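Peer 1: One structure follows; several queries about it will come next.
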Amino acid sequence: MKQYLLPFLAVVIGVFLVLIFKNKKSNYTKFLLSFSGAFLLALTLFDLLPEVYQHLDAKQTGLFIMLGILLQILLEFFSKGAEHGHVHVHEQEDGFPWVLFISLCIHSFLEGFPIHQHNDMVYGVLIHKIPIAALITTYLFESKFTTKQIVGFLVIFAIMTPMGTLVSNTVPFVGEYLFFINAIVIGIFFHISTVILFESNENHRFNLTKLILIALGILVAYLI
């Protein structure tokens, strides 16, 4: 049950963080992004990558990982990098942000595939989605969208990852190609997490707090 519940709760937690810190100056999303980027990258290396290499040919695995990186670059062309924290109100569309919405839904759906009954990747997705959900919620609240649009956006965004997990665990046809899909998702995770880590060092300045959070993210991923 946790593989379906935790990714959904991540969005709920992100919304609550925005409500708690509303009208307060806080860098909590930057710190959460630093931790989540390191945690997601480390967990992918420790857990998901060895599993895929165990079932697929090494060169074939590398090819699909690269396809995942290219796919994420393509998605970010439309989402403007919302998957790793780039959501700007001044870039909003005149109407409902369909391009952003569809790109995020595709990304969220795919990241549900590596989550299995006994797989710790659910924690990586959980930690990754919390700051992203908070930033998206902030964007939606500060924009001119209706309450119905905001709720619809967040609810569908929240259920996309559990839907991906459900499809990967129950559809036989998908199961035959699951490790190929997981290799693509590894590429997506690699791209997102490394972008987060590179951007966490703003203006190439040393930041002890972010360095500690990155180290902590790697340590926690290793221990679980």
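The values are calculated or read from the model by the stated rules, or taken from the named source; none is laboratory data. Note that the structure is predicted; figures quoted are calculated from it, not measured. For neighbour counting, all protein chains shown are included, and Cβ atoms are generated from backbone atoms with ideal geometry for every residue, glycine included. These accessible areas exclude ligands, DNA and RNA; they are computed on the full protein's heavy atoms, side chains included. Shrake-Rupley method; radii C 1.70, N 1.55, O 1.52, S 1.80 Å.
Peer 1: Can you report the number of residues in region 112-138 which are open to solvent by 10 Å² or more (accessible area, probe 1.4 Å) and part of a helix (DSSP H, G or I)?
Peer 2: 6
Peer 1: Would you pick out the residues in region 41-74 that are among the polar types (S, T, N, Q) and crowded, with 16+ Cβ neighbours inside 10 Å?
Peer 2: Of everything in region 41-74, those that are among the polar types (S, T, N, Q) and crowded, with 16+ Cβ neighbours inside 10 Å turn out to be THR44, THR61, GLN72.
Peer 1: Separate question: Those residues that are of a type in the set (Phe, Trp, Tyr) and either open to solvent by 40 Å² or more (accessible area, probe 1.4 Å) or farther than 14 Å from MET121 by Cβ (or both), I need them from region 168-189; list them, please.
Peer 2: Matches in region 168-189: PHE173, TYR177, PHE179, PHE180.
Peer 1: Follow-up. For region 172-210, what are the residues that are of a type in the set (A, V, I, L, M) and either within 19 Å of the chain's Cα centre (by Cα) or modelled with pLDDT of 90 or more (or both)?
Peer 2: The answer is LEU178, ILE181, ALA183, ILE184, VAL185, ILE186, ILE188, ILE192, VAL195, ILE196, LEU197.
Peer 1: Taking region 132-146 as the search range and keeping residues that are polar (S, T, N, Q) and modelled with pLDDT under 90, which one is farthest from PHE31 (Cα to Cα)?
Peer 2: THR146
Peer 1: Just need a number here: residues in region 3-40 that are open to solvent by 80 Å² or more (accessible area, probe 1.4 Å) and either on the phi < 0 side of the Ramachandran plot or part of a helix (DSSP H, G or I) (or both).
Peer 2: Final tally of qualifying residues: 9.
Peer 1: Say we look at region 75-111 and pick out the residues that are open to solvent by less than 10 Å² (accessible area, probe 1.4 Å) and part of a loop (DSSP other than H, G, I, E, B); which of these is modelled with the highest pLDDT?
Peer 2: Within region 75-111, the match that is modelled with the highest pLDDT is GLU111.
Peer 1: With respect to the numbered conditions (1) at pLDDT 90 or above; (2) under 20 Å from ALA10 (Cβ atoms); (3) not hydroxyl-bearing (Ser, Thr, Tyr), which one is the sole condition not fulfilled by HIS118?
Peer 2: All conditions are met except number (1).
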